[in-house]
Amino acid sequence: MGIEETDRFKLVGFKNFTRTNPHSDLFTIKRFHHIEFWCGDATNTARRFSWGLGIPIVAKSDLSTGNSIHASYLLHSSQLNFLFTAPYSPTISTTAHASSASIPAFSVSSHRSFTAAHGLGVRAIALEVEDASSAFEISVANGAKPVSAPVVLSDEVVIAEVNLYGDVVLRFVSYLKHSNSDGFVFLPGFELMEGPASYQELDYGIHRLDHAVGNVPELGPAVEYIKRFTGFHEFAEFTAEDVGTAESGLNSIVLANNDETVLLPLNEPVYGTKRKSQIQTYLEHNEGAGVQHLALVTEDIFRTLREMRKRSGIGGFEFMPSPPPTYYKNLKSRAGDILSDEQIQECEELGILVDRDDQGTLLQIFTKPVGDRPTIFIEIIQRIGCMLKNEDGEVYQKGGCGGFGKGNFSELFRSIEEYEKTLEGKQNTQAAVA
């Protein structure tokens, strides 16, 4: 990256940032299509996420469907798709017909190097676009690093990939035609699942992906790279002064598409603080850039959290420590016009954080890391306000309503710092014993 580009990239901070939407996308983007996790065992990882999040497993591509390259299981709820993929035997995959793989870009060697470096993590952020072939060509022409050229699947779907950051790919998906079936259609090669193994009865109210957050070593080059090949615009930005604590912090920029329905925040660590930035800790344990967390939307966060907390100790997800009682004592003055006294009390009981901007209100909570490493975690959110009507008279919620929890970053960081201290304490004890 040249001096000219570095000088051009300047963070102004939350207070001085002016939000504008230049509608600068270089190709038509419809929505988030799916998130693909690469893992060592797709069966059990998919079941754990299904049970913990209350999202049924609806489709599969594995040995039973004729796929001898990889096992993939799809969790689906309304607009949310989580895909979990793991390889079969490398020996078998080398003799199997490559066309049996439902994800054409999948390779055992790439999966092996990915999981060795990152553990459980997000491999692909997939976007449904109007034309995947065109999106790929435009992206590459504007500097994107190609990963997988466009492939047509069963004369129905086109899929292609470019590098996003680290070993994460941005996957383009477009439909040439839709099935005549009234049922759910994902990708060719997947078959619907039924029976007890699919957890079909589960539904805790999580229905959509709001944003996917990436951690990178340096914000400037990553932001310029993504903006250049997508045309995305800057939706929000935060500096360490906005969201840090006395001990650590980060800088962050949120990128968005024209409709501001695809939100891609990016974080970088800051240095010279008392403690190492949580972003730096992530980068060390993840062996580089990657997806830090996924924010999932619910229309009733109280119901969702009651269900999730029931399962925290029996196969579900644990949550970061709640803020102190003083946080909730001050909540009535900050959000008493939106939340009732009973709802504020329930926020305290469930550990829900509340923030707002000039347009709406955000309720949020964060899980602890979902795998062995202190890397990827899940955020559950509910946005209140910002309801608009489109040209057809349909009511929808404006993207990013209520912001991204700027007022809660410090509380989150303090929780992460305390969590890290418990890990450090045990490591120091083991070192002393050794």
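Taking segment 371-402 only, how many residues are in a loop (DSSP other than H, G, I, E, B) and buried (at least 23 other Cβ atoms within 10 Å of the Cβ)? Let's see the steps before the verdict.
From segment 371-402, those in a loop (DSSP other than H, G, I, E, B) are 371-376, 386, 390-394, 398-402; that's our starting set.
Then keep just the ones that are buried (at least 23 other Cβ atoms within 10 Å of the Cβ); that gives 375-376, 400, 402.
Within segment 371-402, residues that are in a loop (DSSP other than H, G, I, E, B) and buried (at least 23 other Cβ atoms within 10 Å of the Cβ) number 4.
Go through (1) open to solvent by 10 Å² or more (accessible area, probe 1.4 Å); (2) in contact (Cβ under 8 Å) with a residue 60 or more places away in the chain for Thr273 and report which single condition fails.
Of (1) open to solvent by 10 Å² or more (accessible area, probe 1.4 Å); (2) in contact (Cβ under 8 Å) with a residue 60 or more places away in the chain, only one is false for Thr273: (2).
How many residues does segment 352-396 contain that are closer than 24 Å to Val291 by Cα, of a type outside the set (Val, Ile, Thr) and touching a residue at least 40 places away in the same chain (Cβ under 8 Å)?
Residues that pass the stated criteria total 15.
If you go through segment 206-226 one residue at a time, do you hit one that is open to solvent by less than 40 Å² (accessible area, probe 1.4 Å), modelled with pLDDT under 90 and in contact with a helix residue (DSSP H, G or I) (Cβ under 9 Å, 6 or more places away or on another chain)?
Scanning segment 206-226 turns up no residue that is open to solvent by less than 40 Å² (accessible area, probe 1.4 Å), modelled with pLDDT under 90 and in contact with a helix residue (DSSP H, G or I) (Cβ under 9 Å, 6 or more places away or on another chain).
Quick grid of which residues meet (1) at pLDDT below 95; (2) assigned to a loop (DSSP other than H, G, I, E, B); (3) under 18 Å from the mean Cα position of the chain (by Cα):
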residue	(1), (2), (3)
Leu266	no, no, yes
Tyr271	yes, yes, no
Lys276	yes, yes, no
Arg306	no, no, no
Pro321	yes, yes, no
Cys347	no, no, no
Asp355	yes, no, no
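When both residues are 6+ apart or on different chains and their Cβ atoms are under 9 Å apart, which pairs have a first residue that lies in segment 55-68 and is among the aromatic types (Phe, Trp, Tyr), and a second that is buried (at least 22 other Cβ atoms within 10 Å of the Cβ) and outside any strand (DSSP E or B)?
Correct list of pairs: empty, since none qualify.
Could you list, in sequence order, the residues of segment 102-121 that are among the aliphatic types (A, V, I, L, M), under 22 Å from the mean Cα position of the chain (by Cα) and either surrounded by 15 or more Cβ atoms within 10 Å (Cβ to Cβ) or at pLDDT below 95 (or both)? Working first, answer last.
Kept after step one, since they are among the aliphatic types (A, V, I, L, M), are these residues of segment 102-121: 103, 105, 108, 116-117, 120.
Within this subset, residues satisfying the condition of being under 22 Å from the mean Cα position of the chain (by Cα) are 103, 105, 116-117, 120.
Of everything in segment 102-121, those that are among the aliphatic types (A, V, I, L, M), under 22 Å from the mean Cα position of the chain (by Cα) and either surrounded by 15 or more Cβ atoms within 10 Å (Cβ to Cβ) or at pLDDT below 95 (or both) turn out to be Ile103, Ala105, Leu120.
So for segment 191-198 (the condition being at pLDDT below 95, part of a helix (DSSP H, G or I) and open to solvent by less than 20 Å² (accessible area, probe 1.4 Å)), does at least one residue qualify?
Checked segment 191-198: at least one residue is at pLDDT below 95, part of a helix (DSSP H, G or I) and open to solvent by less than 20 Å² (accessible area, probe 1.4 Å).
Would you call Leu362 part of a strand (DSSP E or B) and touching a Phe, Trp or Tyr at 6+ places or on another chain (Cβ under 7 Å)? If you could, list the steps in order and put the result at the bottom.
Values: part of a strand (DSSP E or B): yes; touching a Phe, Trp or Tyr at 6+ places or on another chain (Cβ under 7 Å): no.
Criteria not met by Leu362.
Report whether or not Ala46 is at pLDDT 95 or above, in contact with an Asp or Glu (Cβ under 7 Å, 6 or more places away or on another chain) and either open to solvent by less than 50 Å² (accessible area, probe 1.4 Å) or not charged (D, E, K, R) (or both). Walk me through how you get there before you give the answer.
Numbers: at pLDDT 95 or above: yes; in contact with an Asp or Glu (Cβ under 7 Å, 6 or more places away or on another chain): no; either open to solvent by less than 50 Å² (accessible area, probe 1.4 Å) or not charged (D, E, K, R) (or both): yes.
Answer is no for this residue.
Please find, among Ser93, Ser99, the residue that is surrounded by fewer than 17 Cβ atoms within 10 Å (Cβ to Cβ), part of a helix (DSSP H, G or I) and of a type in the set (Gly, Ala, Ser). Walk me through it before giving the result.
Details: Ser93 fails: surrounded by fewer than 17 Cβ atoms within 10 Å (Cβ to Cβ).
It is Ser99.
Given the condition open to solvent by less than 50 Å² (accessible area, probe 1.4 Å), within 25 Å of His293 (Cα to Cα), among the aromatic types (Phe, Trp, Tyr) and part of a strand (DSSP E or B), answer yes or no: does some residue in segment 154-177 qualify?
Yes, because at least one residue in segment 154-177 is open to solvent by less than 50 Å² (accessible area, probe 1.4 Å), within 25 Å of His293 (Cα to Cα), among the aromatic types (Phe, Trp, Tyr) and part of a strand (DSSP E or B).
The values are calculated or read from the model by the stated rules, or taken from the named source; none is laboratory data. This is a predicted model, so every value here is computed, not measured. Virtual Cβ from ideal backbone geometry, glycine too; neighbours counted across all protein chains shown. We work out accessible area using only protein heavy atoms, side chains counted, and drop any ligands, DNA or RNA first. Shrake-Rupley method; radii C 1.70, N 1.55, O 1.52, S 1.80 Å.
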